[in-house]
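Novice: The structure under discussion is supplied below as structure tokens; questions concerning it will follow.
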Amino acid sequence: MPGKKQQNTEYYVRGADGKVFGPVDMATLVEWAGDSRIEPSTSISRDQTTWIAAPLMPELGMTWLVETEPGTFYGPFSRSVVDGLLSAGTIAHETRLYELDGGKSSAERTRLRAEIDAKAAALADLEKRFADQAETTKKTMAFMEAKVAELTRSQLEANKAANAEREAEREEVFRTRERAEAAEARAVQAEAARDAIAKKLSVMETELADLKAQLEAVTKFTAPVVAEGSEAIQPEVVISDAPPPRTAAHFPGVGSSAGLAALEAAARRELASAKKHGISIGGIFGGKK
């Protein structure tokens, strides 16, 4: 009817993860509590401002605790949830069950609720610590990855520099070997040139000795005879250890026809010179004056 307030109240459900569902009526809340959609950590609110724990709503029947180990409790759940856990074998039939309203005092319910709240707070603290630790681990991993990348880059640069240095050393060794081989080749050439020069010098010394011997023979053969009262004519003879110039004529060998002709010509010149100075020379080339 117009102007009359509705009797059905709507509720909102907030899970442990902070997600909000609704609005729904009480019948839906009871159904959700019976099929485990509402958990002990779930909160209920009418205005999304004031929230209360779902087990504190008597309409939901979440009054059963499960003790899996001495002093370790889970819940509270509705009876249908506990029966479902027993049927599924999730909890053993020997597991102790406690009903909060089954002879328990309000003080005991308060203690259990405080224990539940403490465990929920501890769980939330653990989740926060885990999240903080995960964030710290994530930052540490990012730092280590950056450090590894930096070290890898430095190692690559060091390897590159070392390879370049080794390549330069190999190039220097190769060039040094080339220079050594070239120097050895030049040394061999110099040795061969020295041997050739030594041979030429030996030939020239032999030729010089022959020339000296020929000159001494000519000088001795053409020595002037000094007459009494007259001055001896000294032919100008120069003896030097230096080899004759290339344009100088060589004396023919003694004993050859050319050598005898040269000696005869020299002797005749000496005779002519002696006659000119009034000197009488006997022999095969001149007669008595």
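Readers should treat all values here as calculations from the given coordinates under stated rules, not as data from a laboratory. Keep in mind that this is a model prediction, so the values were computed, not measured. Positions of Cβ are backbone-derived with ideal geometry, glycine not excepted, and every protein chain shown enters the neighbour counts.
Novice: Quote to one decimal, in nm, the extra length available between residue 136 and residue 31 on full extension: 0.36 nm per residue of separation minus the C-alpha distance between them.
Specialist: Contour length minus the Cα-Cα distance gives 33.6 nm.
Novice: OK, next. Spelling out what I want: for every residue of the stretch 161-175, take phi, set θ = phi - 60°, compute 6.51 cos²θ - 1.76 cosθ + 1.60 (Karplus), and round to whole Hz; glycine and proline get x.
Specialist: Calculated HN-Hα couplings, in order: 5, 5, 5, 5, 5, 5, 5, 5, 5, 4, 5, 5, 4, 4, 5 Hz.
Novice: Calculate, in nm to one decimal, what residue 160 and residue 45 gain on full extension: separation in residues at 0.36 nm each, minus their alpha carbon distance.
Specialist: 34.5 nm is the gain from fully extending residue 160 to residue 45.
Novice: What is the extension gain from residue 199 to residue 52, computed as 0.36 nm multiplied by their sequence separation minus the C-alpha to C-alpha distance, in nm to one decimal?
Specialist: Gain in length upon complete extension: 40.2 nm.
Novice: Under a crude label model (7 Å from the Cα following the beta-carbon direction), how far is residue 67 from residue 147 in nanometres?
Specialist: 5.1
Novice: Further question: So what is the relative contact order of the stretch 11-104, in percent, for Cα pairs below 8 Å that sit 6 or more residues apart?
Specialist: Relative contact order here is 23 percent.
Novice: Along Cα→Cβ, 7 Å out, is where each label goes; now give me the distance between the ones at residue 217 and residue 79 in nm to one decimal.
Specialist: Result: 16.2 nm between the two label points.
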